[in-house]
Amino acid sequence: MTAITLLTGRARPLAESGALSGIVKQPADRPLRLGPEGFEGDEQADRRVHGGVEKAVHHYPLDHYTLWREELGDLPALGAPGGFGENISASGLTEINVAVGDIFRLGTALVQISQGRQPCWKLNHRFAVPDMARRVQQTGRTGWYYRVLEHGIVTTGDRLERVDRTAPDWTLHRLWHALYVDRLNLNELKGIAALDVLAEGWRKYAVRRLESGRVEDWRNRLDGTA
């Protein structure tokens, strides 16, 4: 079990770009209800690619902040949890030791890891680092999302307790390696395509690569250019 910090934010113009984004999160000052698409009062500006039932809650490991400060210096967005748009900040859990399908008790709610995070170009503006999204993807320090299995109430200081594992071999680190490093490993792609507990969008990446023999173009997502 690990204690969490709960964070939410409203959509507002993002520095340098002016684009609306809910990436800036602040600690919640009261208990919040967690429903099927996230926490009350939390917003995502572009619902085509953010939010929804498979990305209801974003978790980013607090452990990564030290590594980013070592690499990038004391940037303002690294001064406290919330820099990566996360709803949940906690120590001790990383992409290496959690797997898709892991189920956690969070406050009175029950959540399940649905997929890793695919970083987008808004991170570049959030951190004023032109290739920040690419750095996040290349390091595998992406964070992840939960789907909500049982609604409930969550507050800062609640314990995140893992209560079950449905696909422990499929750590988020393994998924990241298959999708972004060893990108056309057919055996791994077949395993991902058949992984029912993984969000459908991620399974489709594997299916398309198996069918086409090609990796999708990431430039628009990472750089904001096609």
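The values are calculated or read from the model by the stated rules, or taken from the named source; none is laboratory data. Only a predicted model underlies this, so the values are computations on that prediction, with no experimental measurement involved. Note that we place each Cβ from the backbone using ideal geometry, even for glycine, and neighbour counts take in every protein chain shown. The protein model used for the area step is the full one, side chains on, heavy atoms only, and it has no ligands, DNA or RNA in it. Shrake-Rupley method; radii C 1.70, N 1.55, O 1.52, S 1.80 Å.
Give the residue, chosen from THR171, THR139, that is open to solvent by less than 50 Å² (accessible area, probe 1.4 Å), hydroxyl-bearing (Ser, Thr, Tyr), within 16 Å of the chain's Cα centre (by Cα) and more than 30 Å from ASP29 (Cβ to Cβ). Sole residue among the options that is open to solvent by less than 50 Å² (accessible area, probe 1.4 Å), hydroxyl-bearing (Ser, Thr, Tyr), within 16 Å of the chain's Cα centre (by Cα) and more than 30 Å from ASP29 (Cβ to Cβ): THR171. Here TYR65 clears all of (1) surrounded by 18 or more Cβ atoms within 10 Å (Cβ to Cβ); (2) in a loop (DSSP other than H, G, I, E, B) except the condition numbered (2). Looking at the structure I just gave you, is PRO36 open to solvent by 60 Å² or more (accessible area, probe 1.4 Å), within 23 Å of ALA3 (Cβ to Cβ) and at pLDDT 95 or above? So PRO36 fails the test.
Table: residues versus (1) in contact (Cβ under 8 Å) with a residue 12 or more places away in the chain; (2) under 17 Å from the mean Cα position of the chain (by Cα).
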site: ALA19; (1), (2): yes, no
site: LYS25; (1), (2): yes, yes
site: GLU37; (1), (2): yes, yes
site: TYR60; (1), (2): yes, yes
site: GLU70; (1), (2): no, no
site: SER91; (1), (2): yes, yes
site: GLY101; (1), (2): yes, yes
site: ALA109; (1), (2): yes, no
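So GLU86 ticks every box in (1) in contact with a strand residue (DSSP E or B) (Cβ under 8 Å, 6 or more places away or on another chain); (2) of a type in the set (Asp, Glu); (3) over 23 Å from GLN112 (Cα atoms) but one. Which box is left unticked? Failing condition for GLU86: (3).
It is to be established whether one or more residues within the stretch 154-164 are farther than 22 Å from GLY92 by Cβ and either at pLDDT 95 or above or among the basic types (Lys, Arg) (or both). No, the stretch 154-164 contains no residue that is farther than 22 Å from GLY92 by Cβ and either at pLDDT 95 or above or among the basic types (Lys, Arg) (or both).
Looking at ARG208, ARG203, ARG183, ARG147, which one is surrounded by 12 or more Cβ atoms within 10 Å (Cβ to Cβ) and within 25 Å of ASP42 (Cβ to Cβ)?
Values: ARG208 fails: within 25 Å of ASP42 (Cβ to Cβ); ARG203 fails: within 25 Å of ASP42 (Cβ to Cβ); ARG183 fails: within 25 Å of ASP42 (Cβ to Cβ).
Result: ARG147 is the single residue among ARG208, ARG203, ARG183, ARG147 that is surrounded by 12 or more Cβ atoms within 10 Å (Cβ to Cβ) and within 25 Å of ASP42 (Cβ to Cβ).
When ILE192, ILE153 are checked against the criterion of being among the β-branched types (Val, Ile, Thr), open to solvent by less than 30 Å² (accessible area, probe 1.4 Å) and touching a Leu at 6+ places or on another chain (Cβ under 9 Å), a single residue qualifies: ILE192.
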